[in-house]
Amino acid sequence: MDKHTARGLSIGFLITGIVLLVFKSILTPAHTTAEEPVLTKESIEMFLRENNLMVVSQADFETMISSEAEVALVDEEPAKEKKESSKADEKVEEEKQEESKEEEKEEKQEEKKEEEKKEEKPKKHKITIKSGMVSYDVAKVLKDKKLIKSESRFVNRVESRNAANYIQIGEHELESGMTMDEIIQVITKGRAG
């Protein structure tokens, strides 16, 4: 080993030692002491106050748990009331469904009556639909000519079939005894679905 190699090795060991000392001082905490800190009553109370914490005895804890159970029982009673109110809501919904079924029955009866009238002697009526008239205006004209019984039902039927945009301007020939669907077919010239 020559002189240059020995110098290189010694400089390498020196740099390695320095690096190790630097990393050791960075990685170890600065306030390390030989004694572990002792917890005192004052330090614990101070910690609890700073963090808004409280110490509760076992008896107090059990009392709190039992009172929470009582509150839970009291809370179940409103839940039962909610179930009863939801049952009432269901009854209201059932009543609405029954009403809609009754309306459908009435419409079918109306259609049957209209068919019976058809079998008699249908009278021909000419109606004129002008520009700017909406389905309500058409329903009023049809009611005046006694071609329909209810304007609102006719308007609802037109809307349910999405036929309002297809009502055609001009003269239309209708017969007494026609059903609402037949009337809609005529005034939309078959364009309504």
- line: For segment 97-177, the accessible surface attributable to carbon and sulfur atoms (probe 1.4 angstrom, ligands and nucleic acids excluded) amounts in percent to 42
statement: Checked segment 95-193 with the C-alpha gyration tensor, a ≥ b ≥ c its square-rooted eigenvalues, rounded below a/c of 1.5, otherwise prolate if a/b is larger than b/c and oblate if not; verdict oblate
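The values are calculated or read from the model by the stated rules, or taken from the named source; none is laboratory data. Not measured: the values here are computed from a predicted model. Areas reflect the complete protein model, heavy atoms only, side chains present, ligands, DNA and RNA absent. Shrake-Rupley method; radii C 1.70, N 1.55, O 1.52, S 1.80 Å.
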